[in-house]
1. Relative to the longest principal axis of the C-alpha atoms of the chain, give the angle of the C-alpha long axis of helix 99-123, reported between 0 and 90° and rounded to the nearest 10°.
2. For Cα Rg over 2.2 N^0.38 Å, the choices are (i) 1.29; (ii) 1.08; (iii) 1.02; which was calculated from the structure?
3. How large is the charge dipole for segment 6-75, taken about the Cα centre, if only the Cβ atoms of Lys, Arg (+1) and Asp, Glu (-1) carry charge, to the nearest 20 debye?
4. For segment 72-108 and segment 1-71, what is the separation of their Cα centres, given in Å?
5. Below 15 Å, Cα to Cα, which aspartates and glutamates can LYS60 reach? Residues fewer than 8 away in the same chain don't count.
6. Between LEU88 and GLU23, what length in nm is gained on full extension when 0.36 nm per residue of separation is reduced by their alpha carbon distance?
7. If one takes the longest principal axis of the Cα atoms in the chain, at what angle in degrees, from 0 to 90 and to the nearest 10, does the Cα axis of helix 6-19 lie?
8. Check cross-link reach from LYS21 to the aspartates and glutamates: straight Cα distance under 16 Å, and skip same-chain residues fewer than eight apart.
Amino acid sequence: MKYSYKFSDAIHLLSYLEIFKNEDLSSRAIAASIESNPSIIRQLISDLRSAVLIETRQGKASARLIRKPSDITLFDIYMAIDIDHELLHVDPKTNLNCSVGRNVQTSLVGFYEEIQNSAFEQMKKITLQDVISDLLARDTSIN
């Protein structure tokens, strides 16, 4: 199974933009912090700009948050990035000749939906400011 780190990278990117807003905000500098490729960072920036979370100016490394970090939730960020927004996935290939295999997909759909809705409600309660405050508390060398 392959995991996507886009969500955590997007949170990292937005936190970086706020914490280091007066420093180098190039995709190269952000990529160095995330240990990623600048082209991947530019794609994340594009996703976040399309979701109206940040603004950029062409030809200048000056991305900045449009809203205060306290007004951006993890749910906002999660929905902004280009990924499959289903948290849990039911295995589509099961043995229909088995009574469990024949019914497990239908059975799990409702449970998975309930879990996902709970996770989304929790994401709506956590802001980017919460993450930034935690980062600053963990590392006094920032700022």
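1. For helix 99-123, the angle is close to 30 degrees.
2. Here the calculated entry is (i).
3. Working: 10 positive and 8 negative charges, 50 e Å.
Dipole size: approximately 240 debye.
4. A separation of 28 Å, based on Cα centres.
5. Within the straight-line cut-off, LYS60 pairs with GLU23, ASP24.
6. Between LEU88 and GLU23, full extension yields an extra 19.6 nm.
7. 20
8. Candidates past the 8-residue exclusion: GLU55.
Each value in this text was obtained by applying a stated rule to the coordinates, not by laboratory testing. Predicted model only: the values in this text are computed from it and were never measured. As a convention, Cβ positions derive from the backbone with ideal geometry for all residues, glycine included, and neighbour counts pool all protein chains shown.
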